[in-house]
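Take a look at the structure below.
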Amino acid sequence: MKKYLILCTLAMLFVLFGCEEEHAFRLHTAPEYYQGRASLPSGQQIEMTESDRTNVLDACYPEDAITRAPDGERLLIGTVKLSQPLTTTASTEVFPTATFFEVENQTYVQCQADTITYMKQIDALPDSLTPYRDQAVSSSATSKLRVAQPHEQVHFTEEMKKPVGNEPYPKRHGFEQTLVHVTMPFNGSFEFTFESPESRETITLPINESSRQPFLSLGLGTEVSQDTQQYGLHLSSDQTLYEDVLRPQDATYDRMLGARQASTLPTKLVPNERYPLFSFSFIRDGKPYKQVVSITYKEETLLHGDRLKTKMRQQFAHRRHVVAHELALIGTESKDAPFLHHANAETVQFVFQAIDRSKAVATAGTPAPTPYLTVFEGIYAQTFDLSYTEDDVILTNTKTGSHFKLLRADAERWRDLSIGQANN
């Protein structure tokens with residue numbers, strides 16, 4: 001009697017709830033498809049092992065992000081950049097970028113994905129970075145400003161006379177009285193505003209792995225070439241050459257009249273406060289103009305919780321890729337390998353939708369001429385074995401062995417697109 005009741009109960013539960021339907025998508029972090037390199041504060045580069053790439057991906061998983069940056073001195077250990085050579089080119093921005101640092105013997109990571117920034121406290125560094133912990137350098141959480149000393153001003157004008165660019169070299173001039181130094185905080189950005197009664201333009205300089213230096217020197221300079229005369233804010237991280245320049249859209253002038261440093265300058269840049277640095281006057285098209293250049297330090301906005309996850313999902317939606325391939329992808333270092341067949345944007349969208357609509361089945365079919373299909377979404381990936389029957393297209397999860405059949409209409413379009421065919 002007891003056995004009968006148990007069977008009846010199970011039958012009722014099956015009728016009420018059914019069995020959980022298995023889905024084709026089981027996207028997972030895929031360190032095997034990444035390449036990784038760490039940059040130390042000294043400039044040394046370190047290749048990351050696959051296990052370390054796994055640690056970086058796990059560290060930047062958008063769960064348990066902290067709500068605010070930790071207080072105290074930050075010791076910068078290294079920044080890891082990951083790239084997917086199968087889906088990106090050298091000019092494509094990589095994701096994620098992970099900067100590892102310590103505050104009061106606690107280890108943290110700052111993860112950056114385009115405009116998304118978040119921090120997490122983690123248990124340990126990737127193994128490849130551990131030997132370099134003692135070489136960590138202090139990185140300020142705030143930005144300080146210092147007026148240049150007279151000898152530094154003279155050095156600025158001398159460096160500005162040196163040739164940069166291509167021949168014929170432009171003639172450069174630096175206005176020594178405008179030179180200041182600012183310490184580079186750990187993250188955030190500087191905004192430089194060029195303002196006059198007629199216009200106002202702001203140029204943003206982000207602080208990241210490529211731009212982060214102990215300090216930044218900046219001053220007003222001009223360049224005169226065969227074609228034009230331009231002014232700009234000349235920058236240097238080591239007080240040499242000052243070849244990096246920030247300019248408003250229209251930085252032309254006919255005659256420069258002079259420049260003057262602001263009467264009072266702060267020693268600390270309070271976040272979101274704008275501070276005038278200097279003003280200068282010039283003639284353009286026979287009219288006099290005066291502009292004031294100001295600096296603002298913007299703190300990084302750290303995302304966390306549901307907002308972070310939503311932003312990440314939105315980011316992933318634009319980072320999808322589909323590739324059919326005859327051989328395994330492990331060890332492939334170029335998206336141009338001859339056995340790779342990349343889908344265009346329209347096909348990528350269809351493939352994701354078709355796989356999402358597919359239904360679990362018991363068996364696979366005959367292997368396709370191009371027997372593998374790998375889909376990428378953000379930091380996640382999944383590979384399927386591709387097979388056909390007379391009418392159906394079947395995908396097999398290479399990790400679990402589960403089979404999934406496309407809907408009939410999707411299968412017909414799949415064949416029309418020649419996905420997995422020898423000539424794809």
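How many residues are open to solvent by less than 90 Å² (accessible area, probe 1.4 Å) and closer than 30 Å to Gln226 by Cα if we restrict to region 258-276?
Final tally of qualifying residues: 3.
Would you point out the residue of region 328-365, among those that are assigned to a loop (DSSP other than H, G, I, E, B), under 24 Å from Asp392 (Cα atoms) and in contact with a helix residue (DSSP H, G or I) (Cβ under 9 Å, 6 or more places away or on another chain), that is most open to solvent (accessible area, probe 1.4 Å)?
Filtering first and then ranking leaves Ala343.
Residue by residue through region 215-245, note down the ones that are over 19 Å from Leu257 (Cβ atoms) and either among the acidic types (Asp, Glu) or exposed (fewer than 14 other Cβ atoms within 10 Å of the Cβ) (or both). Even if it seems obvious, please write down each step before you answer.
So the first thing to find is which residues in region 215-245 are over 19 Å from Leu257 (Cβ atoms), and the list is 215-218, 225-227, 235-245.
Within region 215-245, Ser225, Gln226, Asp227, Asp238, Thr240, Glu243, Asp244 meet the criteria.
For region 384-424, give me each residue that is at pLDDT below 95, open to solvent by 30 Å² or more (accessible area, probe 1.4 Å), of a type outside the set (A, V, I, L, M, F, W, C) and under 17 Å from Glu326 (Cβ atoms).
Within region 384-424, Thr398, Ser418, Gln421, Asn423, Asn424 meet the criteria.
Using the structure shown, decide if Thr301 is hydroxyl-bearing (Ser, Thr, Tyr), modelled with pLDDT under 95 and farther than 23 Å from Pro214 by Cα. Before the answer, list the steps.
On the way: hydroxyl-bearing (Ser, Thr, Tyr): yes; modelled with pLDDT under 95: yes; farther than 23 Å from Pro214 by Cα: no.
No; evaluated as a whole, the condition is false for this residue.
Would you be able to say whether some residue in region 279-290 is in a loop (DSSP other than H, G, I, E, B) and touching a His at 6+ places or on another chain (Cβ under 6 Å)? If you could, list the steps in order and put the result at the bottom.
To start, the set of residues in region 279-290 that are in a loop (DSSP other than H, G, I, E, B) comprises 285-286.
Pick out the ones that are also touching a His at 6+ places or on another chain (Cβ under 6 Å) and you get none.
Looking for residues that are in a loop (DSSP other than H, G, I, E, B) and touching a His at 6+ places or on another chain (Cβ under 6 Å), one finds none in region 279-290, hence no.
Can you confirm whether Phe186 is at pLDDT 95 or above, farther than 14 Å from Thr240 by Cβ and surrounded by 16 or more Cβ atoms within 10 Å (Cβ to Cβ)?
no
Could you identify the single residue in Glu209, Glu201 that is open to solvent by 50 Å² or more (accessible area, probe 1.4 Å), touching a residue at least 24 places away in the same chain (Cβ under 8 Å) and not in a loop (DSSP other than H, G, I, E, B)?
On the way: Glu209 fails: not in a loop (DSSP other than H, G, I, E, B).
Among Glu209, Glu201, only Glu201 is open to solvent by 50 Å² or more (accessible area, probe 1.4 Å), touching a residue at least 24 places away in the same chain (Cβ under 8 Å) and not in a loop (DSSP other than H, G, I, E, B).
Can you pull out every residue in region 247-282 that is among the acidic types (Asp, Glu) and more than 34 Å from the chain's Cα centre (by Cα)? Outline the logic, then answer.
Filtering region 247-282 down to residues among the acidic types (Asp, Glu) leaves 250, 254, 273.
Of everything in region 247-282, just one residue is among the acidic types (Asp, Glu) and more than 34 Å from the chain's Cα centre (by Cα), namely Asp254.
Quick check, is Ala368 closer than 16 Å to Arg415 by Cα, more than 23 Å from the chain's Cα centre (by Cα) and open to solvent by less than 30 Å² (accessible area, probe 1.4 Å)? Walk me through it before giving the result.
Working: closer than 16 Å to Arg415 by Cα: yes; more than 23 Å from the chain's Cα centre (by Cα): yes; open to solvent by less than 30 Å² (accessible area, probe 1.4 Å): yes.
When the stated conditions are applied, Ala368 passes them.
Given the conditions (1) more than 17 Å from Gly219 (Cα to Cα); (2) at pLDDT 95 or above; (3) buried (at least 17 other Cβ atoms within 10 Å of the Cβ); (4) among the aliphatic types (A, V, I, L, M), which single one is not true for Ala251?
Single failed check for Ala251: (1).
Within region 88-179, which strands (runs of 3 or more DSSP E) (wholly inside it) include 2 or more residues that are closer than 25 Å to Leu235 by Cα, open to solvent by less than 20 Å² (accessible area, probe 1.4 Å) and not polar (S, T, N, Q)? Steps first, answer last, please.
Working: elements: 97-103, 106-113, 116-122, 137-139, 143-147, 171-174.
By residue number, 171-174.
Show me the strands (runs of 3 or more DSSP E) entirely contained within region 1-83 in which 1 or more residues are on the phi < 0 side of the Ramachandran plot, open to solvent by less than 70 Å² (accessible area, probe 1.4 Å) and modelled with pLDDT under 90. Don't jump to the end; show me each part of the working.
Numbers: elements: 35-39, 45-47, 74-83.
It comes to 35-39, 74-83.
Test of understanding: among Thr264, Thr332, Thr370, Thr363, which residue is touching a residue at least 60 places away in the same chain (Cβ under 8 Å) and of a type in the set (S, T, N, Q)? Can you show your working first?
Details: Thr264 fails: touching a residue at least 60 places away in the same chain (Cβ under 8 Å); Thr370 fails: touching a residue at least 60 places away in the same chain (Cβ under 8 Å); Thr363 fails: touching a residue at least 60 places away in the same chain (Cβ under 8 Å).
Checking each option against the conditions leaves just Thr332.
Evaluate the following for Ala381: is it closer than 28 Å to Leu57 by Cα, at pLDDT below 95 and surrounded by 19 or more Cβ atoms within 10 Å (Cβ to Cβ)? Full working, then the answer.
Details: closer than 28 Å to Leu57 by Cα: yes; at pLDDT below 95: yes; surrounded by 19 or more Cβ atoms within 10 Å (Cβ to Cβ): yes.
When the stated conditions are applied, Ala381 passes them.
For region 294-344, name all the residues that are of a type in the set (Gly, Ala, Ser) and under 30 Å from Ala368 (Cα atoms).
So in region 294-344, the residues of a type in the set (Gly, Ala, Ser) come out as 294, 305, 317, 324, 328, 331, 334, 337, 343.
Hits for region 294-344 are Ala317, Ala324, Ala328, Gly331, Ser334, Ala337, Ala343.
Say whether the condition of being on the phi > 0 side of the Ramachandran plot and either aliphatic (A, V, I, L, M) or part of a strand (DSSP E or B) (or both) is met by at least one residue in region 241-248.
Going through region 241-248, the residues on the phi > 0 side of the Ramachandran plot turn out to be 241-242.
This time we only want the ones that are either aliphatic (A, V, I, L, M) or part of a strand (DSSP E or B) (or both), so: 241.
The answer is yes, given that some residue of region 241-248 is on the phi > 0 side of the Ramachandran plot and either aliphatic (A, V, I, L, M) or part of a strand (DSSP E or B) (or both).
Is it the case that Arg313 is without any contact (Cβ under 8 Å) to a residue 12 or more places away in the chain and either of a type outside the set (Val, Ile, Thr) or open to solvent by 70 Å² or more (accessible area, probe 1.4 Å) (or both)? Walk me through it before giving the result.
Working: without any contact (Cβ under 8 Å) to a residue 12 or more places away in the chain: yes; either of a type outside the set (Val, Ile, Thr) or open to solvent by 70 Å² or more (accessible area, probe 1.4 Å) (or both): yes.
Against the criterion (without any contact (Cβ under 8 Å) to a residue 12 or more places away in the chain and either of a type outside the set (Val, Ile, Thr) or open to solvent by 70 Å² or more (accessible area, probe 1.4 Å) (or both)), Arg313 qualifies.
The values are calculated or read from the model by the stated rules, or taken from the named source; none is laboratory data. For clarity, every value in this text was computed on a predicted model and none was experimentally measured. Positions of Cβ are backbone-derived with ideal geometry, glycine not excepted, and every protein chain shown enters the neighbour counts. Note: areas computed on protein heavy atoms with side chains; ligands, DNA, RNA excluded. Shrake-Rupley method; radii C 1.70, N 1.55, O 1.52, S 1.80 Å.
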